[in-house]
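Contents: one structure, followed by commentary.
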Amino acid sequence: MLSFPLSKKIMSLITTTKSLAETCGRLAAHPFVTVDTEFLRETTFWPRLCVVQLASPDEAAAIDAMAEGLDLTPLFELMANPEITKVFHAARQDVEIIWNLAKLIPAPLFDTQVAAMVCGFGDQVSYGDLVQNVAKVTLDKSSRFTDWSRRPLLPSQIDYAIADVTYLRDIYLFLRRKLEQTDRLSWLSDEMAMLTSPATYEQHPDNAWERFRNRVRKPRDLGVLMEVAAWREAEAQARDVPRSRVLKDDVLIELALAAPRTEEALGNLRAFPRGMERSRAGLDILAAIERGLSRDPKTLPKLDRERRSGGNGATVELLKVLLRQVSESHGVAAKMIATVEDLEAIAADDKADVAALAGWRRELFGVKALELKHGRLALTVEQGRIVTLEWQDAPPEQTEAPSKIAE
């Protein structure tokens with residue numbers, strides 16, 4: 001495997017637009033560039049970009065995104081260049097930052113965490129673990145929780161940041177070659193499509209309730225939750241503060257379940273901030289509750305309990321065992337093949353519109369899942385390993401032993 005040194009060229013921290021433009025011009029001459037960001041969002045709703053790290057096969061650079069007068073346009077042009085693959089590890093938060101700043105999404109994109117799941121490294125493998133496995137290097141994590149907004153940046157911080165993109169070059173080449181050898185490169189397409197879709201990063205207040213859909217059981221509660229969660233989301237975005245600074249999650253749920261309709265009732269809630277009922281926010285919350293109570297229950301989304309009812313619990317549990325068997329035998333992370341929601345949908349409907357019943361997932365798992373559901377497949381254990389057994393179209397009265405499916 002090709003192995004890069006820490007870098008053939010390590011530049012001093014980029015703080016000027018001229019230096020950034022020159023660096024991005026050199027990086028653009030290569031087929032891929034590795035990317036990472038350092039940011040803070042503990043006190044804000046929107047992430048605050050502090051540092052950007054980039055590397056090509058022969059160069060690595062760190063950009064001080066907070067440098068006075070720095071124009072990040074050359075960086076965004078590099079991210080938008082269709083001739084260059086942008087390589088990230090666990091790309092979602094990094095891409096979200098670029099989308100928020102420039103309303104563009106790096107493409108084409110390669111996420112090494114997703115690729116590692118297809119290559120048998122397990123669910124959501126960390127960058128450090130991949131560096132250990134692929135590059136045989138143990139990363140120094142001493143700067144992991146540093147305050148990236150403080151200036152000047154220390155040499156140790158810059159070294160830490162640079163390491164996040166230099167070893168990523170080795171990992172990318174290793175994983176891409178393995179995917180090509182196993183003819184699995186196309187398996188990443190669904191995940192890359194999601195990561196490069198603007199809808200993934202557009203945080204609409206009307207969708208904020210979905211994080212809590214398992215916390216309510218009645219349509220009335222759901223209506224109130226949808227309205228209050230939307231108000232909180234819009235308020236947090238407008239003020240650029242964390243959601244919890246507006247209302248904590250447990251208060252949100254208490255409002256949905258209790259649905260207070262007066263200032264006094266609002267103030268009497270145990271978790272509700274004292275005095276807030278008399279503020280503008282208190283009036284806004286009461287108005288949101290009224291909107292929620294006036295919603296037509298027939299127009300509300302189906303609650304999870306309603307969608308999952310039907311006595312399919314045993315089938316779902318068997319499908320989980322099958323998923324584990326398929327995952328282990330093919331070296332693909334279970335989460336990459338199917339979610340619990342997929343399994344529940346398959347248990348309820350043979351033609352469920354889920355990823356697990358389409359494309360390569362159907363070939364790998366979906367067909368077996370349907371066979372198991374309809375009694376044409378069995379599961380057993382041999383020498384501590386789960387194996388699948390299939391009845392070869394035997395009539396119901398036949399009792400001969402089943403034949404083992406090749407794994």
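Ignoring everything except DSSP H segments at least 4 long, calculate the 222 nm mean residue ellipticity for the chain; use -39,500 (n - 2.57) per segment, divide by total residues, nearest 500. Mind showing how you got there, number by number?
Working: 17 runs with 172 residues, N = 407.
When only DSSP H runs of four or more count, the value is -12500 deg cm²/dmol.
Only loop residues by DSSP count here, and only those with at most 14 other Cβ atoms within 10 Å; note down the GluC sites (Glu not before Pro) in the range 52-112 that meet that. Let's see the in-between values first.
Values: sites: GLU59, GLU68, GLU77, GLU83, GLU96; in loops: GLU68, GLU83.
Sites meeting the loop and neighbour criteria: GLU68, GLU83.
Report the FRET efficiency, 1/(1 + (r/R0)^6), for GLU22 and SER244, where r is their Cβ-Cβ distance and R0 is 35 Å, rounded to 0.05. Spell out each step's value before the answer.
Values: r = 42 Å, r/R0 = 1.21.
So the FRET efficiency works out to roughly 0.25.
For the pair SER189 and VAL387, how long in nm is the line joining their label points, each one 7 Å along Cα→Cβ?
With each label point 7 Å from Cα toward Cβ, the separation is 3.5 nm.
Rounded to the nearest 0.05, what FRET efficiency do ASP159 and ALA287 give with R0 = 51 Å and r taken as the Cβ-Cβ distance? Could you check? The partial results should precede the final answer.
Values: r = 53 Å, r/R0 = 1.03.
It comes to 0.45.
Among the trypsin sites (Lys or Arg not before Pro) within the range 198-276, which fall in a DSSP loop and have no more than 16 other Cβ atoms within 10 Å of their own Cβ? Don't jump to the answer; show the numbers that get you there.
Working: sites: ARG211, ARG213, ARG215, ARG217, ARG220, ARG232, ARG239, ARG243, ARG245, LYS248, ARG261, ARG270, ARG274; in loops: ARG217, LYS248, ARG261, ARG270, ARG274.
Answer in residue order: ARG217, LYS248, ARG261, ARG270, ARG274.
Go through [x] 25.3; [y] 18.3; [z] 20.4 and flag the label whose value is the computed mean projected area of the Cα convex hull in nm² for this structure.
The value matching this structure is [x].
Read-outs: derived from the displayed coordinates by stated rules, not from any lab. Note that the structure is a prediction, hence the values are computed from the model and not measured. Glycine gets a Cβ as well: all are built from the backbone with ideal geometry, and neighbour counts include every protein chain shown.
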